[in-house]
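K.L.:
Got a structure here, written out as structure tokens. Questions coming.
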Amino acid sequence: MKVKVDPDLCTSCELCVGDHPELFEMKDDVAVAITEEVSADMEAAARDAADNCPAGAIIVE
Ligand code: SF4
């Protein structure tokens, strides 16, 4: 699984960073995925982050 943040949609609320600091960090005022490739044990966390992002900015595929 891959995860990424659309910087044009991210509103910098920092929810994903607070809930999943192992997956996301803030960079230049938007969230970014720390590593695009998500390991199997982190897939549920990545899906959770995508489901909870109020801006729909987190893409998992
Ligand atoms: S939860 Fe969504 S809108 Fe909020 S910082 Fe993360 S990617 Fe941006």
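K.L.:
Kindly express, to the nearest 10 degrees and within the range 0 to 90, the angle between helix 43-52's C-alpha long axis and the longest C-alpha principal axis of the chain.
P.N.:
Its long axis makes an angle of about 30 degrees.
K.L.:
As an exercise, identify the GluC sites (Glu not before Pro) in the range 6-41 lying in DSSP coil whose Cβ has no more than 16 other Cβ atoms within 10 Å.
P.N.:
Here the sparse-neighbourhood loop sites are Glu14, Glu22, Glu36.
K.L.:
Further, regarding this structure: What accessible area per residue, rounded to a whole number of Å², is obtained for the range 3-60 using a probe radius of 1.4 Å?
P.N.:
Averaged over the residues of the range 3-60, the accessible area is 59 Å².
K.L.:
Here's another thing I want to ask about it. Sum -39500 (n - 2.57) across every DSSP H segment of at least 4 residues in the chain, then divide by the residue count to get the 222 nm mean residue ellipticity, nearest 500.
P.N.:
Theoretical 222 nm ellipticity from helices: -6500 deg cm²/dmol.
K.L.:
Nearest 20 debye, what's the magnitude of the dipole of the chain about its Cα centre given +1 on Lys and Arg Cβ and -1 on Asp and Glu Cβ?
P.N.:
Using only the charged Cβ atoms, the result is roughly 80 debye.
K.L.:
What residue among Ala31, Ala49, Ala40 has the largest mean-square fluctuation in a Gaussian network model of the chain, using Cα springs under 10 Å?
P.N.:
Sorting by GNM fluctuation, first place goes to Ala40.
K.L.:
Can you tell me how the chain classifies by the Cα gyration tensor, rounded, prolate or oblate, using a/c under 1.5 as the rounded cut?
P.N.:
Judged from the Cα gyration tensor, the chain comes out prolate (a/c at least 1.5, a/b above b/c).
K.L.:
Here's something else I'd like to know. Can you tell me the relative contact order of the range 3-60? Whole percent, Cα pairs under 8 Å, sequence separation 6 or more.
P.N.:
Result for the range 3-60 is 46 percent.
The values are calculated or read from the model by the stated rules, or taken from the named source; none is laboratory data. This structure is a prediction, so every number in the text was calculated from the model and none was measured. Don't worry about glycine lacking a Cβ; one is built from the backbone with ideal geometry, like all the others, and counts go over all protein chains shown. SASA here: full protein model, heavy atoms, side chains in, ligands and nucleic acids out. Shrake-Rupley method; radii C 1.70, N 1.55, O 1.52, S 1.80 Å.
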